[in-house]
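*Asks:* Once you've had a glance at the structure underneath, I'll fire off some questions.
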Amino acid sequence: MSQEDNQSVNMNKIISIINKAIKKCPQYEQSQNYLLESRKIVLFNEGLREQIFKCQDEIRLIQKELTQPSKKLRRKANEISKKYKCSNCDKKYGSEASLNLHCKIKHAFSETDSKTQIDHSFQI
């Protein structure tokens, strides 16, 4: 027996098995295109799978936002109480460090000078 004959015999066996299975199926209708229906189901399932993946991604993002602290909100300039006033000009600052930085940049005034002035001002 040649290879082509062997293949055709195998194909005939497969077809006969399928035909027997179809005959056993009580609701099989000749007019129904089952291949088309199965393709519709596959496409529908693929669409559902995509929606599931999108929902899972959204859930991961929400969980990430809930577990990780969000960016720290800074106070606005008008919300900061400015009690440190520059002795060289009329600017006010919220911290001594900010005042010292201003003095270094604008007045060429070093931090050590400001500390010594503060220390001298408190001496009796």
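*Asks:* Return the pairs, sorted by first residue and then second, in which the second residue is of a type outside the set (A, V, I, L, M) and part of a helix (DSSP H, G or I), the first residue lies in segment 7-20 and is more than 17 Å from Tyr34 (Cβ to Cβ), the beta carbons are less than 7 Å apart, and the residues are 6+ apart or on different chains.
*Replies:* From segment 7-20, no pairs qualify.
*Asks:* May I pose another question? For segment 44-97, enumerate the residues that are hydrophobic (A, V, I, L, M, F, W, C), loosely packed, with under 10 Cβ neighbours inside 10 Å and in a loop (DSSP other than H, G, I, E, B).
*Replies:* Across segment 44-97, the qualifying residue is only Leu73.
*Asks:* Can you find a residue that is among the acidic types (Asp, Glu) and either at pLDDT below 80 or assigned by TED's automatic domain parsing to the domain that holds Asn100 (or both) anywhere in segment 42-63?
*Replies:* As a first pass, look at segment 42-63 and keep what is among the acidic types (Asp, Glu): 46, 50, 57-58.
Then drop every residue that is not either at pLDDT below 80 or assigned by TED's automatic domain parsing to the domain that holds Asn100 (or both), which leaves none.
Taking every residue of segment 42-63 in turn, none turns out to be among the acidic types (Asp, Glu) and either at pLDDT below 80 or assigned by TED's automatic domain parsing to the domain that holds Asn100 (or both).
The values are calculated or read from the model by the stated rules, or taken from the named source; none is laboratory data. Small disclaimer: the values here were computed from a predicted structure and weren't measured. Backbone-built Cβ (ideal geometry, glycine too); neighbour counts: all protein chains shown.
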